[in-house]
Amino acid sequence: MVGLGRWVAVPLPGVELTPTPDGLVVFDPSTQQVHHLNESAMAVYTLADGSLDDAEIASEIADIWELDAPPYDAVAEAMKGLVASGLLLRRRV
């Protein structure tokens, strides 16, 4: 049986990124919308490069911030918001 693959997220192409002291500003020229990401959302957004699934992103964040456990629920919520806003696109790999 062929595996179904896994879902990953990739950034919307063509956006402009501006780091800020408390996160990241993402401008989408196609919609003229500006999105302000806090540090947590920025971490999820920058790790969502198509190579990691949500659980792997949560594990990376736990390692980076030296957390006791991966923040699976927080990553799921951030992903939901980033995908709903159109900043991340889902694809199966």
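Summary table
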{"item": "Solvent-accessible heavy-atom area per residue, rounded to whole Å², over the chain at 1.4 Å", "result": "62 Å²"}
{"item": "The chain: most fluctuating residue of 68, 53, 28 per GNM, C-alpha cutoff 10 Å", "result": "68"}
{"item": "Rounded percent of accessible protein surface that carbon and sulfur make up, the stretch 30-93, 1.4 Å probe", "result": "51 percent"}
{"item": "The chain - charge dipole about Cα centre, Lys and Arg +1 at Cβ, Asp and Glu -1, debye rounded to 20", "result": "560 debye"}
{"item": "For the stretch 18-32, Karplus couplings with θ = phi - 60° (6.51, -1.76, 1.60), whole Hz, Gly/Pro x", "result": "10, x, 10, x, 10, x, 8, 9, 10, 10, 9, x, 6, 10, 6"}
{"item": "Around residue 56: net Lys/Arg minus Asp/Glu count, Cβ-Cβ under 12 Å", "result": "-4"}
{"item": "Most fluctuating residue given options 82, 24, 67, as computed from a GNM of the chain linking Cα atoms under 10 Å", "result": "67"}
{"item": "Extended-chain gain in nm, criterion 0.36 nm per residue less alpha-carbon gap, residue 34 and residue 16", "result": "5.5 nm"}
{"item": "Choice from 62, 78, 43 showing the highest fluctuation, given a GNM over the chain with Cα pairs closer than 10 Å", "result": "62"}
{"item": "Candidate values (1) 50; (2) 44; (3) 40, label of the one derived for percent of Cα pairs over 19 Å apart", "result": "(3)"}
{"item": "Potential extension, residue 68-residue 83 segment - 0.36 nm per residue separation minus Cα distance", "result": "2.7 nm"}
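The values are calculated or read from the model by the stated rules, or taken from the named source; none is laboratory data. Computed from a prediction, not measured in an experiment: that's the story for all the values here. As a convention, Cβ positions derive from the backbone with ideal geometry for all residues, glycine included, and neighbour counts pool all protein chains shown. These area figures cover heavy atoms from the full protein model, side chains too; ligands, DNA and RNA do not enter into them. Shrake-Rupley method; radii C 1.70, N 1.55, O 1.52, S 1.80 Å.
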